[in-house]
There are 2 protein chains.
Amino acid sequence: MHLKIKSTLLLLFLGITFYAQEYSGRGEDINKILTNIDNFSKAYVNAEYDELTLFYSTDGKIFPTGADIIVGHKAIKKQWILPKGSKMLSHKVKPEEIKIIDDYAYDYGYYQGSSRNKKGIVFTFKGKYVIVWKKTDNDWKIYLDIWKRIDDK
Amino acid sequence: MHLKIKSTLLLLFLGITFYAQEYSGRGEDINKILTNIDNFSKAYVNAEYDELTLFYSTDGKIFPTGADIIVGHKAIKKQWILPKGSKMLSHKVKPEEIKIIDDYAYDYGYYQGSSRNKKGIVFTFKGKYVIVWKKTDNDWKIYLDIWKRIDDK
């Protein structure tokens, strides 16, 4: 009985460790990145595409569906704009790890959300991502942004 | 006529700049990463899955199709093994940029290849990727590996 309790506690402990987020770097850098992650989702849901684009560095790159790597603000903005009549209902990014290395950081985790098309049909989606951040003018900008839906090849 | 030649030369110059690879870091680090990239492809084509797995750090992570993030050598090896009767015919990775930052590096670019299934049907594929490398015991290991086929969502 005593052993059984210990095993359970050990499993709980391992479980918590396994699912915890790992943030490594100065607090203000980590906080800035976490704030940018949340505000990116807000801008997306509010269809504020100019604001959304500004989360990327001017030489930022995204790796979208059905296309080569897309570079720079103008092309990135165009890529994010939803079809007319569609709306992003929710968007949430959950980092598993963020590590600051000098003026760069890597960040990976999961995202999920829901959107509605012009016919009113609601879709949910979830996936995983890797972002490389770059510190620019005392802010953190997305330099590389690649994501993959759970059902992607 | 003179102007026309100048325009052509300018276009050629821009073209070369645009398509050039950008490598930033010590030569020996860049060369080690480039060698590992090539040898990864060779191991994959030769179905040497133990060797393939050793290109990842022990805490390495891949972001495969239809699954959550996969962590560690055992799970990564299992993920890479092709179905019985299938063969990887060719695999080539072309980095667009590699940048070393302390004991880490980011690397992104394109990949392409071809495989044959057990019915003898040949498939070609191409896509884009981001890798985060980690320097470990004077070698460079893949810590994060995410790829996306051109037709992915």
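Among the residues of region A:68-83, those that are within 13 Å of another protein chain (Cβ to nearest Cβ) and free of Cβ contacts under 8 Å to residues at least 12 places away in the same chain comprise A:Asp68, A:Ile69, A:Ile70.
Answer with yes or no whether A:Thr58 is modelled with pLDDT under 95, surrounded by fewer than 20 Cβ atoms within 10 Å (Cβ to Cβ) and among the hydroxyl-bearing types (Ser, Thr, Tyr). The answer is no for A:Thr58.
As for region A:98-112, it holds at least one residue that is more than 22 Å from B:Lys134 (Cα to Cα) and in contact with a strand residue (DSSP E or B) (Cβ under 6 Å, 6 or more places away or on another chain). Scan region A:49-57 and give yes if some residue there is in contact (Cβ under 8 Å) with a residue 60 or more places away in the chain and in contact with a Phe, Trp or Tyr (Cβ under 7 Å, 6 or more places away or on another chain), otherwise no. Scanning region A:49-57, I find at least one residue that is in contact (Cβ under 8 Å) with a residue 60 or more places away in the chain and in contact with a Phe, Trp or Tyr (Cβ under 7 Å, 6 or more places away or on another chain), so the answer is yes. Listed by position, the strands (runs of 3 or more DSSP E) enclosed by region A:84-153 that each have at least 2 residues that are within 13 Å of chain B (Cβ to nearest Cβ) and of a type in the set (A, V, I, L, M, F, W, C) are A:87-101, A:122-136, A:139-149.
In region B:74-93 there is at least one residue matching the filter, namely being under 14 Å from B:Lys128 (Cα atoms), of a type in the set (Lys, Arg), out of contact with any Asp or Glu (no Cβ under 7 Å at 6 or more places or on another chain) and surrounded by fewer than 17 Cβ atoms within 10 Å (Cβ to Cβ).
When A:Asn39 is tested against (1) more than 14 Å from chain B (Cβ to nearest Cβ); (2) in contact (Cβ under 8 Å) with a residue 40 or more places away in the chain; (3) surrounded by fewer than 17 Cβ atoms within 10 Å (Cβ to Cβ), just one condition goes unmet, and that condition is (2).
The values are calculated or read from the model by the stated rules, or taken from the named source; none is laboratory data. From a predicted model like this one, the values you see are computed outputs, not experimental measurements. All Cβ positions, even for glycine, are placed from backbone atoms using ideal geometry, and neighbour counts span all protein chains on display.
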